[in-house]
Amino acid sequence: MSAACGTCGAAAVVQWRRAKGNTGDTEPVFGCADHALTPDLASQLHEASCKGPGKGGSCSCTPRSDADRFDTPRGPARRLPPGW
């Protein structure tokens, strides 16, 4: 699986989920080592309006902690952010 960071287009190393409006559906969002959420935040379901990671691996919403954990994209080894 080859995925690109939603912020800069670099190779993704983490995936998180964002709600799609009020439909109950979700969409995957990918982040590179420079634009990745913290592991705890990446394991949660984020609001549809969430803009993703800011400084320090935080985000612009209050994610729900009841989401399933998701795997990172598979492929060659990549540089991970501190704490991963």
Looking at the stretch 1-11, which of its residues are touching a residue at least 12 places away in the same chain (Cβ under 8 Å) and under 19 Å from P81 (Cβ atoms)? A3, A4, C5, G6, T7, C8, A10, A11
Residue that is among the hydroxyl-bearing types (S, T, Y) and either more than 15 Å from G57 (Cα to Cα) or within 10 Å of the chain's Cα centre (by Cα) (or both), where the choices are T7, T38: T38
When residues of the stretch 29-51 are filtered for being closer than 14 Å to V13 by Cβ and of a type in the set (G, A, S), how many remain? 4
Restricting to the stretch 12-53, name every residue that is closer than 18 Å to P81 by Cβ, of a type in the set (D, E, K, R) and in contact (Cβ under 8 Å) with a residue 24 or more places away in the chain. D34
Which of the residues that make up the stretch 41-70 are at pLDDT 85 or above and either assigned to a helix (DSSP H, G or I) or touching a helix residue (DSSP H, G or I) at 6+ places or on another chain (Cβ under 9 Å) (or both)? L41, A42, C59, P63
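The values are calculated or read from the model by the stated rules, or taken from the named source; none is laboratory data. Computed from a predicted model, the values in this text were never measured in an experiment. When we count neighbours, we look across all protein chains shown, and the Cβ atoms used for this are built from the backbone with ideal geometry, even at glycine.
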